Every structure is written in C-alpha cells, then in structure tokens.
1. Calculate one ³J(HN,Hα) per residue across segment 202-218 by plugging θ = phi - 60° into the Karplus curve 6.51 cos²θ - 1.76 cosθ + 1.60, and present them in order as whole Hz with x for glycine and proline.
2. Given a 1.4 Å probe, how much area per residue of segment 84-219 is accessible, in Å²?
3. Output ³J(HN,Hα) for segment 53-61: one whole-Hz value per residue in order, computed from phi by the Karplus curve 6.51 cos²θ - 1.76 cosθ + 1.60 with θ = phi - 60°, and x for Gly and Pro.
4. Would you mind estimating how fast segment 127-188 diffuses translationally, via Stokes-Einstein at 20 °C and 1.002 mPa s with the Kirkwood radius over Cα pairs, in µm²/s?
5. Compute the helix-to-body angle for 110-121: its Cα long axis versus the longest principal axis of the chain, expressed 0 to 90° and rounded to tens.
6. Give me a comma-separated list of calculated 3J(HN,Hα) values for segment 88-102, in order, Karplus coefficients 6.51, -1.76, 1.60 applied at θ = phi - 60°, integers in Hz, x for any Gly or Pro.
7. With only alpha-carbon atoms in the gyration tensor, what are the semi-axes of the equivalent ellipsoid for segment 84-223, in Å, largest first?
8. For the chain, set up a Gaussian network in which alpha carbons nearer than 10 Å are linked by springs, and say which option among D111, D193, D124 fluctuates the most.
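The values are calculated or read from the model by the stated rules, or taken from the named source; none is laboratory data. Every value quoted in this text rests on a predicted model; they were computed, and no experiment measured them. Here the Cβ positions follow ideal geometry from the backbone for every residue, glycine too, while neighbour counts run over all protein chains shown. Note: accessible area is taken over every heavy atom of the protein model, side chains too, but ligands, DNA and RNA are not part of it. Shrake-Rupley method; radii C 1.70, N 1.55, O 1.52, S 1.80 Å.
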Amino acid sequence: VAFASQSQQFSFLLAIFVLTACTQAPDAPKAKGSDPQPVASTTTPATATQATYKVDLAKSVVNWVGTKPTSRHNGTINISDGSFNVDKGEIKTGSFTLDINSIAVTDLTGDKKADLESHLKDADFFDAGKFPAAKFEITGITAQPSADKKYTHNVSGNMTIKDITKNISFPANIKVSDTEISAQSEFNILRTDFGMTYKSDKSLGDKLINPEVNLALNITARK
C-alpha cells in the first residue's frame, strides 16, 4: 500500500512538472531590455565593397509563442519594411519594421482565433490602433560563433514597441552572400519591458499570463 501511495505521489508530481514545462516560454536566450543605445547612421553605399539589401517581405516573418500556466498560443507577425547595409561581406547597420495589425494566431480557428487576435491588438497588449508598428534598429553586431555552432553572430539593437525603446541583445545565425542575407534567431523578451503588464502578476496563479514571450526571427534580404 505504501509503495502504491509513493507511486501515485510520483505520478502526480510528474504530471505537474510536465504541465509546467509545456506552458513555459520555449528555452531560448533571454533578451532583457536595457537603456537604448546610439544607432549608427545609415548612408547610401559609397564604395564597391558596400551594398544595401532589402528585406524580402514574402519570405520573412517573426514567429511568437505566449504562455500561461494552463496553455500556450503561437502565431506570426509580418515584417512590413527593412534593409541592411553590408560592407565587405558583413552587416554593419540595418533595421526592420513589424506590422502589429498583421499579428495572427496560428493554433486556433474560428471565433477563438478572432477573439485572441483582437485582444492582442487592444490596449491590454499592443494597442495597435495607437501604435501600429514596432521597430528594431541594429546598434551593434559581432561575429561570435556559439559553442554548438548554432549561432554565428551576436546582435544588439533598439527594439521599440508602443513607443517604448529598449536595447536587447541576442545570438543569431547570419549568412551573407553576394546577393542574399539569411538571418535566423530565437530569443525570449519580457513584454513588461514594453508596457504590457496585463495579468503579469504571479499572484494571479492559473490566471497569470507569463511575461516572457518567445520570438523567432526568420529574415531574408536581397541586394
């Protein structure tokens, strides 16, 4: 009887662990916001080693994951504009803009999908009617391969959401060719850094919406 009781307790604890693990933001580098940093000026390429690459909007997207203790949701945000300046095969400056009104939920359908998309656009979260765009501007980029070879660079930049600007840093896998840039990264930011505090207090228990949000960038740019 004692053995059965211990087994039941173990199963119960395991179930709690699995539930918790499934409803946290995906494991990724944390890009905590700090004070904004100066952005290098963007100029028209002046030498044969310099070039501008425009973001291919049809092949670029930002994926997101948001979680709470009992569930998670995921979706996309479209990139509406962006470009990078390259010199001698390395990105020196650049920026891209997100269309907040394009935010989509991809794990729901019908009314539930529409309701959550509407909520994400209202004042509790992005307040898209007042702040229809978010922007990321590079303030620094260095070649810094990770130990597991997953990432090639470390990127720092000013992220502006709801007119609040924070400097964030994250690893990225970047490849630059004569005609194309391919850049991928995954990291977690705190929505509370950008004024989105709705249901972020841990005292809410099961009604909590985790402050940490996972972002995955998949960007293609062409000369």
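1. Taking θ as phi minus 60°, the curve returns 4, 5, 6, x, 5, 8, 5, 10, 4, x, 7, 10, 8, 10, 10, 8, 9 Hz for segment 202-218.
2. It amounts to 48 Å² per residue over segment 84-219.
3. 10, 8, 5, 7, 5, 6, 10, 10, 7
4. The Stokes-Einstein estimate is 164 µm²/s.
5. Its long axis makes an angle of about 60 degrees.
6. Those phi angles translate into 6, x, 10, 5, 10, 9, x, 7, 8, 10, 9, 8, 5, 5, 8 Hz.
7. Numbers: eigenvalues 189, 57, 45 Å².
Taking √(5λ) for each Cα gyration eigenvalue gives 31, 17, 15 Å.
8. Comparing D111, D193, D124 in the GNM, the peak value goes to D111.
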